[in-house]
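Heads up, the thing below is written out as structure tokens.
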Amino acid sequence: MIFQHLAEQLAELGRKGLLRRRLVRESGQGAHILIEGREYLAFCSNDYLGLAGDPRIAKALADASQRFGVGEGASHLLTGHSVLHARLEEKLAEFVGAPRALLFSTGYQANIGAITALAGADAAVFSDSLNHASLIDGVRLSRAQIVRYPHVDLDFLGEAMSRSKANLKLVVTDGVFSMDGDVAPLPGILELCERHDALLMVDDAHGFGVMGPGGRGSPASFGLDSRRIVYVGTLGKAAGVAGAFVAGVAEVVESVLQRARTYMYTTASPAPLAAAVEASLEIIRDENWRRERLTQLIAALRARLHGTDVRLADSGSPIQPLILGDNGRCLAASTALRERGILVPAIRPPTVPEGTARLRISLSAAHSLEDVARLAEALRATCSRTEPVHA
């Protein structure tokens, strides 16, 4: 029977240590959160600047909801596009230095929509092997020829691009890779795109608000400014709200607007969210201390673990992976930390490649140096002695 088959599949996930279980949070997002009546020190969200619970952003949302309500009732191409959406698109474009921007309800929709709108059956899409699932799914749905190049291997990418006879070439890459925390070599990739007349799409979900001058993102951190860059920023991570946007030259953004099914056939996100993001943008731009604190916290964590057998992957971003390899060992480490009142998620396949299960430590400007010291002590005490378990 179909139900027995599903039950067997779930049981197999459990045997492999791959069964996911949700935590039910009973407080707002922050460095300290409440779960089942217990307070935890949390290193498991992408709220990198500590803005998810900022009262100024909440007030902007509440004020806008009094005028605009909480639902749009239609897609952007019908009557769902409010003056707040339009104004935010202008401000997002200005923020990242692009001529135009287009709002989406989620980053997943933005990536799939942009790729499928820009690349069709006559195109070739070159995708980094460690790209986010939304990029992978967008590439598959595009019906384009797919070239998956080894992680940040520019020699392989250049050779593949030179061999391609496709009418349109599109390179897609994370700006900051979500599970490893490393940054794509965007200057080198852009140079290849210029040489081979290609577009470069950067999913900067984990770079927007954090990287570059004023938090303008990964391309800005390298001083890049090119018509070939298609920039995708996520608004539910460092910005602390929800949604995403695609930014670039007018021809690119208009093509996405006209052709992206994830844009055309989705009810617009609530206008008050646009007001909240607008308030967040001002904070991101004006409060540079948040990025400075992140830099300080990253350095402090790495310094406290330096010379120990707890070895973090090479990352200068707020994403600090501790690769343990075995699924059971990773689950055991996460469980041991939780028993100490610290939440660090165990990331396992298929989110990461087989044999690279890890603790994904996410730092936030809402953390303190004392928080990081407590985490480092707990990691030293638990990760060298955890045994594989299955849940």
>> Just to be sure before I move on: is Leu19 in contact (Cβ under 8 Å) with a residue 12 or more places away in the chain, surrounded by fewer than 18 Cβ atoms within 10 Å (Cβ to Cβ), aliphatic (A, V, I, L, M) and closer than 26 Å to Pro345 by Cα in the structure I sent?
In response: yes
> Is one or more of the residues making up region 325-342 surrounded by 15 or more Cβ atoms within 10 Å (Cβ to Cβ) and under 26 Å from Pro185 (Cα atoms)?
Replying inline: no
> When region 130-153 is examined, which residues are found to be surrounded by 16 or more Cβ atoms within 10 Å (Cβ to Cβ) and more than 22 Å from Ala205 (Cα to Cα)?
Replying inline: Ala144, Gln145, Val147
>> Conditions first: (1) surrounded by fewer than 17 Cβ atoms within 10 Å (Cβ to Cβ); (2) out of contact with any strand residue (DSSP E or B) (no Cβ under 8 Å at 6 or more places or on another chain). Gly73 passes all but one, so which condition is the exception?
In response: (2)
>> Going by what's in this entry, would Ile146 be described as of a type in the set (A, V, I, L, M) and touching a helix residue (DSSP H, G or I) at 6+ places or on another chain (Cβ under 6 Å)?
In response: yes
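No lab work stands behind these numbers, since they all come straight from the coordinates. In this text, all values refer to a predicted model and were calculated from it rather than measured experimentally. Backbone-built Cβ (ideal geometry, glycine too); neighbour counts: all protein chains shown.
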